[in-house]
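Visitor: I'd like to ask some things about the structure below.
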Amino acid sequence: MAKFCCRFFFFLKWLFLRTLHFLKVKTESALRAQIVGGHEAQPHSHPYMAYLKIAELGSCGGFLVAPDWVMSAAHCMGNITVILGAHNIQEPEKTQQVRGVLKYHEHPEYDPSTMENDIMLLQLTSKAIYNDYVQPIPLPKTGSDLPMGTKCVIAGWGLIDEDRATNKLFETKVSIYSRRKCILFYPHLDSGMICAGSFHELKDSSQGDSGGPLVCNKVAHGVVSFGYNAPPGVYTRISNYLPWINKVMKK
């Protein structure tokens, strides 16, 4: 009887923590644009960045991976217009290229309650024109891993702290967390997720625009997925999805 009670207690504790976590994730993974503690990027220094304007919902980030393909997060699904080549998203810059979305490819196993498989591909209505302001970013190789401490960059438009918004592209640096350390923050972390943030400063926060890229060594290794109000943030691990990505883009 005592053994049963003990097991039941731990089950209730696990259920409570899991429910609490899901509520937190749902609240904080809603469409947001946060690059807390960062600084304005040099204009057009991230030519792969895409601004996703979502009708009636707000915006997300994304990134160009082929002439007519943009990658983002599955939770950014909506009626999307894609803007490439932007720095100040509120200005009619001559560098900007605007595209509609021909087809939406949300990962078929995306689970909004756990944020598993939070990845999406957008096929554009026409190909982007490559120039100094619009360029694709390479994806990782199959099985690629990022050692703890690897330096990475995230970028995005929107809130730069709780009270200040910017229409210009901001960027900040983050470092990869070990899986063991990340699980302390996110017990449900699965193999398709990466943690990154600042080891030292809370203000070097780890959330860029939802759907934006986690760029390490000039390669897009992650997609901004979710996070608490403090670092680290969680990113979809792109290398885990290469078979699906290749299959979708070859259709």
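Visitor: Cα gyration tensor of the stretch 77-118, axes a ≥ b ≥ c as square roots of the eigenvalues: rounded (a/c below 1.5), prolate (a/b > b/c) or oblate?
Guide: Since a/c reaches 1.5 and a/b is larger than b/c, the shape of the stretch 77-118 is classed as prolate.
Visitor: Hey, another quick one. Please sort by residue number the trypsin sites (Lys or Arg not before Pro) in the stretch 82-190 whose DSSP state is loop and whose Cβ has at most 11 other Cβ atoms within 10 Å.
Guide: Answer by residue number: K94, K141, R164.
Visitor: Any idea what the alpha-carbon Rg over 2.2 N^0.38 Å comes to for the stretch 55-162?
Guide: 1.16
Visitor: Still on this structure, I have one more. Exceeding 18 Å between C-alpha atoms, which entries from my cross-link table qualify? They are K53/K141; K141/K181; K103/K127; K168/K218.
Guide: K53/K141; K141/K181; K168/K218
Visitor: If you count, for each residue, the other Cβ atoms within 10 Å and average over each peptide, how do 71-83, 107-119 line up from highest to lowest?
Guide: 71-83, 107-119
All of the numbers you see were taken from the coordinates with simple rules; none came from a lab. Since we're looking at a predicted model, the values are computed, not measured. When we count neighbours, we look across all protein chains shown, and the Cβ atoms used for this are built from the backbone with ideal geometry, even at glycine.
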